[in-house]
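As structure tokens, the structure follows; a few thoughts come after it.
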Amino acid sequence: MDIFAVNASPTMRRGMTHRLLELVLEGARAGGATVESVFLQKQQISPCLGCLKCWVAHPGRCVQDDDMTRLRQRFAAADLFLLAAPVYVDGFCAQAKTFLDRLIPLVDPHFELVDGHCRHKMLLERVPAIGLVSVCGFSELDNLDLVVEHTRRMCRNLHTRYAGAVLRPASRVLTMKQALPEKVAAVERAARRAGRELAERGEVSTATAGEVAQPFFPVDLYVDGANLFWDRCLEKKRFPPE
Ligand SMILES: Cc1cc2nc3c(=O)[nH]c(=O)nc-3n(C[C@H](O)[C@H](O)[C@H](O)COP(=O)(O)O)c2cc1C
């Protein structure tokens, strides 16, 4: 199993997306997968220009020859593609969306009907299965609904299999190893198991996904704790405060 992952979070190694993705990839390696991951923030990727020359003038080739040329090829070669991205304003952060838009040269402009629904054909004969790794700041899992639905729709439109999602709401609980060692360790174990499942079975089980996303606190306690955290950030004029 060849897994290609992109981490779209602009905070890169400092971010919770990175923490979660690294656990998943560690598990995937232990399950026998070969793994490559890149930070999108380190790549030169311009937004799609919408010219559609990649469809009609020179099919499959984008007019913008930036790092997406190589990343598109890497995406196409993988067995499984993992999109790791934080929730920004209820959806994907811009880096993730830009990457997804720039996959459009892989699509054939012609329409076809699949189960009564319009789709494009694909230029690729084989599209990697797609899985999601995502985090958000609020504590309810439904804050991740839109990125999950977006990933599912993308799989439908790209004629490929949805491999499931590893989601962590209240993302900063991943930093609370000292205060809550057992709970954080349980989430970390489950995230590694999710990676192993991806490598061995090509998808994340519902049980494992549930353990990664498990609640830590009643929501009113979480709100109080978060507000203390923001007060400290304001005092130090820094995020995170220490
Ligand atoms: C611009 C911006 C918008 C955000 N919007 C949301 C949001 O709509 N819902 C939410 O639960 N968290 C939101 N967050 C919180 C992030 O999802 C959370 O802090 C996450 O851990 C950021 O990813 P990172 O740790 O990899 O940097 C937002 C953060 C930023 C910077």
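Just a few scattered comments:
- A cut-off of 5 Å between modelled amide H atoms, ignoring neighbours fewer than 5 places along the same chain, links LEU180 with no other residue.
- Helical runs (DSSP H, four residues minimum) scored at -39500 (n - 2.57) apiece and divided by the length of the chain put the mean residue ellipticity at 222 nm at -12500 deg cm²/dmol.
- Residues LEU23, LEU113 in ascending order of nearby Cβ atoms (within 10 Å, fewest first): LEU113, LEU23.
- Computed about the Cα centre, the dipole magnitude for the chain is approximately 580 debye when only Lys and Arg (+1) and Asp and Glu (-1) carry charge, each at its Cβ.
- Net charge contributed by nearby residues that have their C-beta within less than 13 Å of CYS51 (K/R +1, D/E -1): +2
- Ordered by the number of other Cβ atoms lying within 10 Å of each residue's own Cβ, fewest first, HIS159, HIS150 fall into the sequence HIS159, HIS150.
- Counted by neighbouring Cβ atoms within 10 Å, the residues ILE104, ILE45, ILE3, ILE130 run from fewest to most as ILE104, ILE45, ILE130, ILE3.
- Part-to-part distance (alpha-carbon centres) for region 80-105 and region 15-57, which is given in Å: 9 Å
No value in this document is a laboratory result; all are computed from the given coordinates. Note that the structure is predicted; figures quoted are calculated from it, not measured. As a convention, Cβ positions derive from the backbone with ideal geometry for all residues, glycine included, and neighbour counts pool all protein chains shown.
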